[in-house]
Amino acid sequence: MNGADTAWIIVATALVLFMTLPGLALFYGGLVRARNVLSVFMHCYAIACLMSVLWLAFGYSIAFGDGNAIWGGLGKMFLAGVTAESLSGTLPEVLFFAFQMTFAIITPALIVGAYVERIGFGFVLLFSGLWMLLCYAPVVHWIWGGGMLADGGIFGETGVRDFAGGIVVHETAGLAALLLAVMLGARRDRTKPPHSPGFVMIGAAMLWVGWFGFNGGSQLAADGGAAMALTVTHISAATASLTWALWERIKFGKASLVGIVTGTIAGLASITPASGFVGPVEALVIGAVAGVLCQEAVNLVRNTLGIDDTLDVFAVHGVGGIFGTIMIAVFGAGAWAAQLGGLVIVGVYTLVVTFVLIKLVGLITPLRVSAETETNGLDLEVHGERAYHLT
């Protein structure tokens with residue numbers, strides 16, 4: 001065990017949890033109407049709790065167990081055989097478990113943005129739990145757990161390069177969000193603006209800070225690699241924020257607060273897979289492109305295709321993660337066949353599993369709330385609370 005590595009990953013684990021609670025909750029909560037903000041908080045909070053328990057029970061074993069190239073098995077259910085002295089590299093294995101648990105929390109929580117303001121709470125919990133176990137955890141095993149897409153797998157000696165989750169987190173969540181938005185249908189009223197741009201900015205700022213743990217922690221060591229990952233993460237986020245705002249100013253005559261902070265998230269998502277393989281100049285390029293690319297993806301999904309992916313999960317996270325994964329090959333840090341092949345295999349698998357789960361869970365609990373509940377707001381109708389009591 002290395003004490004410095006252990007201390008850093010303890011901090012990184014706290015930072016990644018901070019991304020979901022409260023970062024993502026505030027970011028998403030500010031973007032919805034006042035009558036639905038508590039439902040968004042509830043989704044993020046309940047998912048964090050449920051994924052933690054399921055990761056302990058089955059998820060960690062499926063992702064990092066000693067199974068075969070496709071499935072990690074169930075040999076490490078409830079951390080069987082793992083003690084405080086067990087090691088994973090230079091870290092206590094229980095700490096590696098906890099760090100990866102925070103990734104298992106935020107990935108299904110990202111999908112929340114696609115279905116806010118109209119989805120059933122029971123559906124959210126059942127779908128998220130099954131999706132994490134049957135979609136996210138196997139993909140983790142394939143790429144990070146020594147499975148079929150890792151080095152020595154189906155792409156040969158050099159497998160898929162995904163430092164902190166461009167494919168594992170952002171592609172899977174983005175595609176699942178897009179499919180859910182299509183199958184759920186649009187909100188009855190799509191015209192209402194975000195109720196609290198201030199919440200959105202505060203949440204985005206928390207995500208930015210937390211992302212240092214997300215990407216820097218993925219080095220799994222306190223060394224120069226972690227420092228470089230942290231630095232390029234910041235550069236990409238800052239650059240994408242500026243290019244998003246500039247592109248908005250050119251197109252609409254005004255740069256908005258919600259716009260610039262959405263650009264931040266686009267830059268963060270795009271650098272995530274590449275953060276262990278590129279330097280500051282490459283990060284500058286990735287961020288600069290991401291701010292424009294993801295903004296145009298928002299326009300494509302929302303206006304051209306007419307899909308109500310409410311908070312632009314696919315356009316920002318999905319497109320950003322896919323773009324960053326491809327840029328690894330562009331900059332020569334990964335093999336083209338592995339990067340593109342990994343995207344296709346995981347993409348197809350995600351869409352198939354997500355489709356089946358939506359249909360299956362829909363038979364057990366309603367996918368969508370009633371028209372009356374949607375009109376009155378989920379906060380009061382589903383949870384019996386109001387965010388604001390204004391007179």
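Rolling a 1.4 Å probe over the protein heavy atoms leaves TYR349 with an accessible area of roughly 60 Å². State whether the stretch 191-267 is rounded, prolate or oblate according to the following rule on the C-alpha gyration tensor (a ≥ b ≥ c being the square roots of its eigenvalues): a/c under 1.5 gives rounded; otherwise a/b larger than b/c gives prolate, and the remaining case gives oblate. Oblate, because a/c is 1.5 or more while a/b does not exceed b/c. Percent of alpha carbon pairs in the stretch 123-235 separated by more than 26 Å? Across the stretch 123-235, Cα pairs with separations above 26 Å total 39 percent. Taking only protein heavy atoms and a 1.4 Å probe, the accessible area of the stretch 203-281 is 75% carbon and sulfur.
Residues in the stretch 90-176 average 19 Å² of solvent-accessible surface per residue, probe 1.4 Å, ligands and nucleic acids excluded.
Within the shell of other residues whose beta carbon sits under 13 angstrom from the beta carbon of GLY318, the net charge comes to -3, with Lys and Arg scored +1 and Asp and Glu -1. Accessible surface comparison of LEU220, LEU390, probe 1.4 Å, protein chains only, largest first: the order is LEU390, LEU220.
Each Lys or Arg adds one and each Asp or Glu subtracts one; over the other residues with Cβ under 14 Å from the Cβ of PHE121, this totals -3. Ordering 3-12, 139-148, 76-85 by mean Cβ neighbour count within 10 Å, with the highest value first, yields 139-148, 3-12, 76-85.
Under 5 Å from the amide H of SER88 lie the amide H atoms of GLU93, each residue being 5 or more positions distant or on a separate chain, with H modelled from the backbone and absent for Pro and chain starts. Only protein heavy atoms count here; on that basis, with a 1.4 Å probe, ILE70 has an accessible area of about 100 Å².
The chain gives an Rg/Rh value of 0.95, both radii derived from C-alpha positions and Rh following Kirkwood. Across the protein chains, with a 1.4 Å probe defining accessible surface, the residues ARG161, ARG386, ARG33, ARG190 rank ARG386, ARG190, ARG161, ARG33 from largest area downward. Scanning residues 5 or more positions from ARG368 or on other chains, those with amide H under 5 Å from its amide H are GLY120, with H placed 1.01 Å from N in the peptide plane. Taking square-rooted eigenvalues a ≥ b ≥ c of the alpha carbon gyration tensor, is the stretch 1-62 rounded, prolate or oblate, where a/c under 1.5 means rounded and, failing that, a/b exceeding b/c means prolate? Verdict is oblate for the stretch 1-62. Dimensions of the stretch 244-391 from C-alpha coordinates, computed as largest minus smallest value along each principal axis and given longest first, are 54, 42, 29 Å. Ordered from largest to smallest accessible area (heavy atoms of protein chains, 1.4 Å probe), the residues ILE326, ILE62 come out as ILE326, ILE62.
Only helical runs count toward this figure. For the chain, summing -39,500 (n - 2.57) over DSSP H runs of n ≥ 4 and dividing by all residues gives -19500 deg cm²/dmol at 222 nm.
The values are calculated or read from the model by the stated rules, or taken from the named source; none is laboratory data. What you see is a predicted model, and the numbers here were worked out from it, not measured in a lab. As a convention, Cβ positions derive from the backbone with ideal geometry for all residues, glycine included, and neighbour counts pool all protein chains shown. Quick note on the areas: whole protein, heavy atoms, side chains included, nothing else; ligands and nucleic acids left out. Shrake-Rupley method; radii C 1.70, N 1.55, O 1.52, S 1.80 Å.
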